[in-house]
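Taking it in order: structure first as structure tokens, then the write-up.
The values are calculated or read from the model by the stated rules, or taken from the named source; none is laboratory data. Quick caveat, the model's predicted, so the values are computed rather than measured. We place every Cβ from the backbone using ideal geometry, glycine too, and count neighbours over all the protein chains shown. These accessible areas exclude ligands, DNA and RNA; they are computed on the full protein's heavy atoms, side chains included. Shrake-Rupley method; radii C 1.70, N 1.55, O 1.52, S 1.80 Å.
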Amino acid sequence: MRETADIAVIGGGTTGCAIAWHLAHGGLRVRLVERTRIGAGSSGASPGIVRQYYADSALAMLAREGLDTYRHWPEIVGGDCGYRRTGFLTAIAASDEQAIRAHVRSLQAMGIELQWMPAEALRSRYRDVALDDLAGAVFEPDAGYCDASATALTYAAGARSRGAAIDIGRAAWRIVTEGGRVCGVETDRGRIDCSIVVNAAGPWAAALAKDCGAALPITASRQCVAIVQVEDDAGEALPGLSDRRAGFYLRPDVPGRYFIGSLHAEDAAPADPDRSACSMSDEDAVRYRDRAALRFSRLTDAVPIDSRVSFFDDTPDGNPLFGPDPRVQGLFVAAGLSGHGFKFAPLFGRAVSDWISTGAVCQRMSAFKVERVLA
């Protein structure tokens, strides 16, 4: 006897689990299929940074909603997502100062809490910072990070408590279609009959899409994060930081410990997530550390103690693919997240639930629609 569901969600990362949670709370029969374990893919290795400053005002407003969910997680979802408020700096070059300050004022007028921190204020707070090429930074006081694995697990547990079936260790082989519409998912443990499938399989989403005749321009890239320990944290601990000019981002952890990632394109080469190394070399960890130490001298002798490796599912324009696929009725895409998925996961879940109720994805998610990448 074949299994049935109203909706099958493929992928047990934060996005898939958030979608399952929202759908289960809407009273639907949901079955989430995850080939290994919850949070085993990109979510499990994500630094979990949550912030809201974007050059695109529409994305900034969406990120604000995501951050608000993480800040109030116990009341909204229940349990603990590991949210820690650290603040976040986005470094700004002198040549960009006037335009960025005007953009900050426009975001402030929209209710997003941001501050312009000039170079002298940065130097006063972080005495080891090198500022020769910076005018200052945009500071987000409420930004921080979460435990991405705990977030996915909490969503999954909440969905299960509302009746969703969470199938771990079950691989989705293909999305089954007939006459241009979804009719199920074939797995290594048999078929699940359903009329709606949400493809939230991250770096594996492209293969599933191609096999059902709805190919998507998603490629996988390998992303490494070095974890270092600092003996002398030079006074005030660093907040989160994005520094495109210097080519790195940073996230604090326990006292004296920092996560350092790269913003250089050459450090994110295309990769096969099933065949690429899942560890970072010592040489690369030192290289990431040394790059960040040019901005903050406290990192010069920091000791690499660990690393994380994940795989982004990237799109040509760097924005997620989110919405119904017009080529296959009943197929909903929530993939190609390009590193933004964790910030937007709460909104993705709510938007899929709204689509089921109304037949349309809300206008504020239009920047992510699938149609924009179809020939």
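Quick notes on this structure:
- Among M110, M365, the sequence by solvent-accessible area, most first, with a 1.4 Å probe is M110, M365.
- Measuring how big the stretch 52-99 is from its alpha-carbon positions, Rg and Dmax come out at 14.3, 45 Å.
- Mean projection area, nm², convex hull over Cα of the chain: 18.4
- Note on exposure: V228, V361 ranked by accessible area (1.4 Å probe, complete protein assembly) read V361, V228, with the most exposed listed first.
- Whole-Å distance, taken between Cα centres, linking the stretch 90-139 and the stretch 266-328: 25
- Calculated SAXS-style log₁₀ I(q)/I(0) at q = 0.11 Å⁻¹ - the stretch 273-375, Debye, Cα scatterers: -0.54
- Carbon plus sulfur fraction of accessible area for the stretch 143-207, probe 1.4 Å, in percent: 50
- Bins of 5 Å, starting at 0 and running to the largest distance - Cα pair percent for the stretch 68-193: 2, 9, 12, 11, 11, 9, 10, 9, 8, 9, 6, 3, 1, 0
- Relative contact order (%) - the chain, alpha-carbon pairs under 8 angstrom, separation at least six: 23
- Accessible surface of H340, taken over heavy atoms with a 1.4 Å probe and every protein chain present, rounds to 40 Å².
- Dipole in debye (nearest 20) - the stretch 180-329, about Cα centre, beta carbon charges: Lys, Arg +1; Asp, Glu -1: 420
- Order of exposure, largest accessible area first, which applies to R350, R174 with probe 1.4 Å: R174, R350
- Of the solvent-accessible surface of the stretch 1-81, computed with a 1.4 Å probe and all protein chains present, 49% belongs to carbon and sulfur.
- Accessible surface computed residue by residue for the stretch 234-289, with neighbouring protein chains in place and a 1.4 Å probe, gives 50 Å² per residue.
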